[in-house]
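The values are calculated or read from the model by the stated rules, or taken from the named source; none is laboratory data. Here the structure is a predicted model, which is why all the values come from computation and not from measurement. As a convention, Cβ positions derive from the backbone with ideal geometry for all residues, glycine included, and neighbour counts pool all protein chains shown. Ligands, DNA and RNA are stripped out before the accessible areas are found, and what is left, the full protein with its side chains, is counted by its heavy atoms. Shrake-Rupley method; radii C 1.70, N 1.55, O 1.52, S 1.80 Å.
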Amino acid sequence: VQLQASGGGLVQAGGSLRLSCAASGSIFSITAMGWYRQAPGKQRELVAAITSGLITNYADSVQGRFTISIHNARNTVYLQMNSLKPEDTAVYYCNRVPPRHDYWGRGTLVTVSS
């Protein structure tokens with residue numbers, strides 16, 4: 001499976017973006033999918049996850065602002081990001097939870113200006 005994230009861009013603080021992660025193959029059987037991010041000089045972190053049973057979990061830093069969803073028929077995972085803050089600036093990736101090394105794609109850059 002290859003995962004391609006898209007939808008990033010430059011947005012002002014308080015704005016919104018919707019990220020998409022398109023899978024080249026079926027993700028229906030994957031137990032959990034997640035969105036990760038890596039800010040400059042920091043380690044990659046998991047910010048949102050969704051299980052095959054549609055149970056979601058979020059990092060404290062994005063709780064209440066980000067929403068993860070999945071469309072199995074389209075093999076796509078989404079991340080709706082609202083009330084963006086400058087500290088949300090990072091490259092965002094999708095992958096399984098836990099991640100597989102060979103599933104990392106290029107990611108999509110989100111830049112939030114103050």
Using a 10 Å Cβ count of at most 13 others and DSSP loop calls, identify the longest part of the chain lacking such trypsin sites (Lys or Arg not before Pro).
43-99
Could you give me the ³J(HN,Hα) list for the range 83-92, computed from phi with Karplus coefficients 6.51, -1.76, 1.60 and θ = phi - 60°, whole Hz, x at Gly and Pro?
6, 5, 10, x, 6, 7, 4, 4, 8, 9
Distance in nm between pseudo-label sites at Leu54 and Ala73 (7 Å out along the Cβ direction from Cα)
1.3 nm
The percentage of the accessible area of the range 61-114 (probe 1.4 Å, all protein chains present) made up of carbon and sulfur atoms, to the nearest whole number, is 48 percent
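Around Gly34, with a cut-off of 12 angstrom between Cβ atoms, what is the net charge of the other residues, counting Lys and Arg +1 and Asp and Glu -1? Before the final figure, lay out the partial values.
Numbers: positive: Arg37, Arg44, Arg96, Arg100; negative: Glu45.
Summing Lys/Arg as +1 and Asp/Glu as -1 gives +3.
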Please identify every one of the chymotrypsin sites (Phe, Trp or Tyr not before Pro) in the range 1-75 that sits in a loop by DSSP and has no more than 12 other beta carbons within 10 Å of its own beta carbon.
Phe28
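Which semi-axis lengths, in whole Å and largest first, follow from the square roots of five times the eigenvalues of the Cα gyration tensor of the chain?
Values: eigenvalues 96, 40, 32 Å².
Semi-axes, largest first: 22, 14, 13 Å.
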For Arg65, project a label point 7 Å along Cα to C-beta. Then give me every residue of the range 13-34 with its amide nitrogen under 13 Å of that point.
13-17
Express in nm, to one decimal, how much length is gained between Arg106 and Ser6 on full extension, taking 0.36 nm for each residue of separation and deducting their alpha carbon distance.
35.1 nm
